[in-house]
Amino acid sequence: MSAHSKARGHFAETALGRRKQRTEWMAKCFFGGMAAAMVIPLILIVAYVVIQGAPSLSWEFLTTNPRLGGIRGGLWSALVGTIYIVAISLCVSAPIGVLAAVYLNEYARENWFTRIVNLAVVNLAGVPSIVHGLFGLGAFVYAAGMGKSILSASLTLSIMTLPVIIASTKEALAAVPVSFREACWNVGATRWQTIRRIVLPNSISGILTGVILQVSRTAGETAPVMLTGVATFKAVEGTGLFLYNPFQDQCMALSMHLYYIATQASGAAPSLPYAIATVLLVVVLAVNATAIGMRAWLRSRKKW
């Protein structure tokens, strides 16, 4: 027998190797099936909604205001109201959530107080949205005297989304190696200089993850805004971006408009609820895609 034949026989696949390959193939198929079980229903649902709503979708549908209680016309005022609520909520919750996470991760000592705060953040994330709506109704609408307005609805959603931003920001800050901080301290940098110039720039992509989740949840919530500042129908004039006064006016929102058309309105076209749902999906996906693109760009600039 030649040396080549001996080597080939020596390294020939064994029964144990074949069993391992079969096991690996089965595991790959199993996990691939789990991924498909999540993705395929999502694609089917989105495709069904878009196909059903296609007869009502048009440029005029996007750029005209609702008429006749919302069953005719477009949804421009509802789209603008959603932008108002999401933007104001984001401007309030993002800075507070990030600064709170910076304090908890970088400054606070491990003691009973910080453990209570961390436990409160986790528990707050699990509170149902209708409870947040009742809190906003009592705290902002009545106690603070804001009335039912865009500001009341936005502040309520800010309280609701704070835990997500705080938790994701803490994880992003904790992912920055401690050696980065120690190197800065060794050359005389203060704690705040280290946070501002090293920790935050290297964790900004993770912070944006919490913001993405916040935007998605804010745009789709109905119960909190229904109690604090969103009307089922509000007649407005014009189609600009300044249709509402955030401090005084109630507004329409896509989520509430969809709920009303789908459950209470009579005489609406069968495709109208699906068209509203399609626009809401597109708005959320567009905002998410923008944030994800920015996050990817920031990650590409990392040095580690």
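The values are calculated or read from the model by the stated rules, or taken from the named source; none is laboratory data. On a predicted model such as this, the values are computed, not experimentally measured, just so you know. Don't worry about glycine lacking a Cβ; one is built from the backbone with ideal geometry, like all the others, and counts go over all protein chains shown. In case anyone asks, the SASA skips ligands and DNA or RNA and just uses the protein heavy atoms, side chains included. Shrake-Rupley method; radii C 1.70, N 1.55, O 1.52, S 1.80 Å.
Rounded to the nearest whole Hz, the Karplus-based 3J(HN,Hα) values (6.51 cos²θ - 1.76 cosθ + 1.60, θ = phi - 60°) of region 252-264 follow the sequence 8, 9, 4, 5, 5, 4, 5, 4, 5, 5, 6, 10, 10, with x at glycine and proline.
Residue 294 exposes around 100 Å² of accessible area when a 1.4 Å probe is run over every protein chain in place. Shown are 185, 59, whose ranking by accessible area with a 1.4 Å probe and every protein chain present, most to least, is 59, 185.
Return a single number: how many Lys pairs in the chain, at a sequence separation of 8 or more or on separate chains, have alpha-carbon atoms below 28 angstrom apart. Eligible lysine pairs with Cα atoms under 28 Å apart amount to 5.
For the set 150, 204, solvent exposure ranked by accessible area (probe 1.4 Å, protein chains only) runs largest to smallest as 204, 150.
Ordered by 1.4 Å accessible area with all protein chains kept, 103, 244 run largest first as 103, 244.
So which residue, out of 142, 259, 107, gets the largest mean-square fluctuation from a GNM of the chain using Cα contacts under 10 Å as springs? For the chain, modelled as a Gaussian network with Cα springs under 10 Å, the answer is 107. Nearest 10 degrees is fine. How inclined is helix 200-220 to the longest principal axis of the chain, computing both from alpha carbons? The answer is roughly 50 degrees.
FRET efficiency for the residue 179 to residue 112 pair, using the beta carbon distance and R₀ = 25 Å, is estimated at 0.25.
How would you rank 165-171, 91-97, 176-182, 211-217, highest first, on the average number of other Cβ atoms within 10 Å across their residues?
Ranking, from highest mean packing down: 165-171, 211-217, 91-97, 176-182.
Karplus-derived 3J(HN,Hα) values for region 78-90, using 6.51 cos²θ - 1.76 cosθ + 1.60 with θ = phi - 60°, are 5, 5, 5, x, 5, 4, 4, 5, 5, 5, 5, 4, 5 Hz; glycine and proline are entered as x.
For residue 73, the residues whose amide H sits under 5 Å from its own are 67, ignoring neighbours fewer than 5 places away on the same chain, with H placed 1.01 Å from N. Choose one answer from 258, 151, 16: the residue with the largest mean-square fluctuation in a GNM of the chain with alpha-carbon springs under 10 Å. In this elastic network of the chain, the residue with the biggest mean-square fluctuation among 258, 151, 16 is 16. Where (i) 19.9; (ii) 20.5; (iii) 22.8 are the candidate values, the label of the one calculated here for Kirkwood radius over Cα pairs in Å is (iii). First check a/c for region 222-293, with a ≥ b ≥ c the square roots of the eigenvalues of its C-alpha gyration tensor; if it is under 1.5, answer rounded, and if not, answer prolate when a/b is larger than b/c or oblate otherwise. Taking the square roots of the gyration eigenvalues as a ≥ b ≥ c, region 222-293 is oblate.
For region 139-297, the relative contact order is 31 percent, taking Cα pairs closer than 8 Å that sit 6 or more residues apart in sequence and dividing their mean separation by the residue count. The calculated 222 nm mean residue ellipticity attributable to helices in the chain amounts to -22500 deg cm²/dmol, summing -39500 (n - 2.57) over DSSP H runs of n ≥ 4 and dividing by all residues.
Relative contact order (percent) for region 24-170, with alpha-carbon contacts under 8 angstrom and 6 or more residues of separation? Once divided by the residue count of region 24-170, the mean separation gives 25 percent. Dipole size of region 117-214 about its Cα centre, with +1 on Lys/Arg Cβ and -1 on Asp/Glu Cβ: approximately 200 debye, rounded to the nearest 20.
Pairs of Cα atoms nearer than 8 Å and 6+ residues apart set the relative contact order; for the chain it is 26 percent.
Counting only protein heavy atoms and a probe of 1.4 Å, the accessible surface of the chain is 67% carbon and sulfur. Rounded to the nearest Hz, the phi-derived 3J(HN,Hα) couplings of region 22-28 under the Karplus curve 6.51 cos²θ - 1.76 cosθ + 1.60 (θ = phi - 60°) are 5, 4, 5, 5, 5, 5, 4, where x marks glycine and proline.
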